[in-house]
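Have a look at the structure below, then the notes.
FYI, it's all coordinate maths here, none of it is from the lab. A quick note: this is a predicted structure, and the numbers were derived from the prediction, not measured. Ideal geometry is used to build each Cβ from the backbone, glycine not excepted, and the neighbour counts take in all protein chains shown.
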Amino acid sequence: MKSWLIYALLSAICAAFVSIFGKIGLSGMDSTAATAIRAAIMAIFLIGVAVVQGHISAVPSIMGQPKALVCIALSGIAGATSWLFYFFALKTGNVSQVAPIDKLSVVFSVLLAILLFGENVTFIHGIAIALIAIGGILLALF
């Protein structure tokens, strides 16, 4: 099995637990404050991972590349707002409805990759993207 597939599956499994633990943790809590706490814990954890793996020394090279730094910062802001809205949705919605709509990000990512990077999508891939969109909507609304 290809390493990217293993990592992607592990990502999906971990993301599923984000929904479950997030829903439990949000009970009676402010979702904005909870998201901020989650982000701080993520930052501390990921800095620790970078230190343990010996990758912390790469930080200055990233900081020295303005284009990379701006894009990484924008990615961080996009991720933070995504999680903020996700926790808003989890606070009042069911995981079984919120998570499928959140996964429409797959559809949006592919569409943006086509528009911004000129990535090619075959007819079969187009059908699969449409099925993801239809499936997410059906799971959430019915």
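Working note: 222 nm ellipticity from helices only, DSSP H runs with n ≥ 4, each -39,500 (n - 2.57), summed and divided by the residues of the chain, gives -28000 deg cm²/dmol to the nearest 500.
For the chain, the number of Lys pairs separated by eight or more positions or lying on different chains, with C-alpha atoms closer than 28 Å, is 4.
Local charge for Ala15 was computed over the other residues whose Cβ lies under 10 Å away, with Lys and Arg +1 and Asp and Glu -1, and equals 0. For region 68-99, chymotrypsin sites (Phe, Trp or Tyr not before Pro) are listed when DSSP marks them as loop and at most 13 other Cβ atoms sit within 10 Å of their Cβ; the list is empty.
Highest mean first, the peptides 100-106, 16-22, 70-76 sorted by other C-beta atoms within 10 Å per residue fall in the order 100-106, 16-22, 70-76. The label point for Trp4 and the one for Phe142, both projected 7 Å from the Cα toward the Cβ, are 3.3 nm apart.
Working from Cα pairs under 8 Å separated by at least six residues, relative contact order for region 1-117 is 40 percent. For semi-axes √(5λ) of the Cα gyration tensor in Å, computed directly from the structure shown, the correct entry in [x] 28, 17, 14; [y] 27, 24, 15; [z] 42, 26, 18 is [y].
Placing a label point 7 Å from the Cα of Ser109 along the Cα-to-Cβ direction, the residues of region 12-56 whose backbone N falls under 14 Å of that point are 12-16.
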